Amino acid sequence: MSISERTSHPLGPVSRNSLFCLVTITMFVVSSFFFCLHTTVRPNFIDRNFFPGSKLNALTDRWTVPLREEGKFEQSIVTPSPASSRQSRTGVQNTQKCNPDKALLKVYMYDLPPEFHFGLLDWEDKEQRIWPDIRGKLPDYPGGLNLQHSIEYWLTLDLLSSRLPDRSSPCIAVRVDNSSEADVVFVPFFSSLCYNRFSKATPRKKSKNKLLQEKLVAYLMEQEEWKRTGGRDHIVLAHHPNSMLDARMSLWPAIFILADFGRYPLNIANVVKDVIAPYKHMIRTFVNDSAGFDSRPTLLYFQGAIYRKDGGIVRQELFYLLKDDKDVHFSFGSVLRNGVSEASRGMHGSKFCLNIAGDTPSSNRLFDAIVSHCVPVIISDDIELPYEDVLDYSEFCIFVRTSDAVKEGFLIKLIRSIGKEEWTRMWKRMKEIEHYFEFQYPSQEDDAVQMIWKAVARKVSGVKLMVHKMRRYAQYDVVKEMNPKPFPVNFS
């Protein structure tokens, strides 16, 4: 075709060959698209947000409804709830079985006598076994404030179940029989429960809590696993801030799993070697939350103990600054007399929730706020947060320095300056990450149990570094033991 013929064509400068190619490609794309729709087994997997047109939605409805009516439609997307096993982050139930060979973390667990773990729950076995049969009824963990420090229970259950043949949960951590194959060594002492239940002593008798800590230290010091690494690869649970006060000086090389560092000197516990774990939240998770900015009448919410010691003195200062503001709920509260139910209603109906330092820098109130999708306002200068090396809390929390928070008018002015758009962004982010803070058995993908194991796994390289440095002069030390006296030297 000549230039003159091409320019006089009704399609202008486009050649017939180009037109043919364009039409062919278009037909291929369209036919491929409808072929995918036709062959999809589960039509509800199509994300309608990508196809806002009403005609396409009507088309997929025509395919879906008859299948439901004929009983052939397999419902595969289930709304997650705290009472049921958690779904994966995609919304599809996880059916992948645990493969121990592909576990992120290999864990050797001491077979401590039951008095250190499930025996503290009044569990007894007629056959004198060390561990309960977790395929049957699990030993009950006490409720109330005990629950907030119950991570020892959930982590131990996860290890016990890690090699069950029918386990469907992801196995981030798997139990091994040979300690030489392990990345870490797990010490199954329910220290927080022991403190809560057995810390009272009499004038002539030590408390059971103290006695068990002394027995634990004596036991560990005799183990080859401890001697091999100096305890640096051992995991010791001490989530309650008072739970290991008698043993921590002896066990300081170990990886402590803690709520915060509030009552620990830097040489015993620090962010380099230890793991900060979340509290188990006390109030109910806000399931199917559609209560956005305009549906939450309370601007700022706090309910709890107001008069605290140490860093918690800021609570009473804020109480006197905020108690008369009509948009603020700031009152005393406890777990007694329906306190948990009241706090659930209050947080679910509030835009912002205060998390103020108490006797220690942290509390379970932060995690109550997260599962309520109530934007946390954190006033605690020394707080350490779980998984903060992989999770950016500034995406869904407001941090305020204590020195600024106690300035008259500062805090409430700051909160009122946060508009609906910014608040909604943080609200949505909380709904995306709330499962990171759910403790459950069996554990599910990226819940609190799995996230804690991942945090431990990130410490392994540092542990190996310290152990290897410790062994630099191991051969030299053996020679010194064989020759305790210095070699004689002749100066003549």
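The values are calculated or read from the model by the stated rules, or taken from the named source; none is laboratory data. This one's a predicted model, so the numbers in the text were calculated from it and none came from an experiment. Backbone-built Cβ (ideal geometry, glycine too); neighbour counts: all protein chains shown. We work out accessible area using only protein heavy atoms, side chains counted, and drop any ligands, DNA or RNA first. Shrake-Rupley method; radii C 1.70, N 1.55, O 1.52, S 1.80 Å.
Things worth noting here:
- Flag if SER162 is farther than 15 Å from LEU237 by Cα, open to solvent by 20 Å² or more (accessible area, probe 1.4 Å) and among the hydroxyl-bearing types (Ser, Thr, Tyr): no
- Residues that are farther than 23 Å from GLU214 by Cα and either polar (S, T, N, Q) or part of a helix (DSSP H, G or I) (or both) within region 113-133 comprise just one, GLN128.
- For first residues located in region 426-440 and touching a residue at least 12 places away in the same chain (Cβ under 8 Å) and more than 18 Å from TYR153 (Cα to Cα), partners that are of a type outside the set (Asp, Glu) and part of a helix (DSSP H, G or I) and lie 6+ apart or on another chain with Cβ distances below 8 Å form the pairs TRP427/PHE293; MET430/ILE370; ILE433/ILE370; GLU434/ILE370; GLU434/VAL371.
- In region 146-158, the residues that are not in a helix (DSSP H, G or I) reach residues that are not aliphatic (A, V, I, L, M) with C-beta atoms within less than 6 angstrom, at least six apart or across chains, in these pairs: SER150/TYR141; SER150/LYS280.
- Taking region 441-463 as the range and being in contact (Cβ under 8 Å) with a residue 60 or more places away in the chain and open to solvent by 80 Å² or more (accessible area, probe 1.4 Å) as the test, only ARG458 passes.
- Enumerated helices (runs of 4 or more DSSP H) restricted to region 262-380, each holding at least 3 residues that are farther than 18 Å from MET430 by Cβ: 314-322, 339-348
- Test: residue in region 239-261 that is part of a loop (DSSP other than H, G, I, E, B) and without any contact (Cβ under 8 Å) to a residue 12 or more places away in the chain: no
- Of all residues in region 180-228, those satisfying the criterion of being in contact (Cβ under 8 Å) with a residue 60 or more places away in the chain, within 27 Å of the chain's Cα centre (by Cα) and surrounded by 19 or more Cβ atoms within 10 Å (Cβ to Cβ) are ALA182, ASP183, VAL184, VAL185, PHE186, VAL187, PRO188, PHE189, PHE190, LEU193, CYS194.
- The one condition from (1) open to solvent by less than 70 Å² (accessible area, probe 1.4 Å); (2) of a type in the set (Gly, Ala, Ser); (3) modelled with pLDDT of 95 or more that SER417 does not meet is (1).
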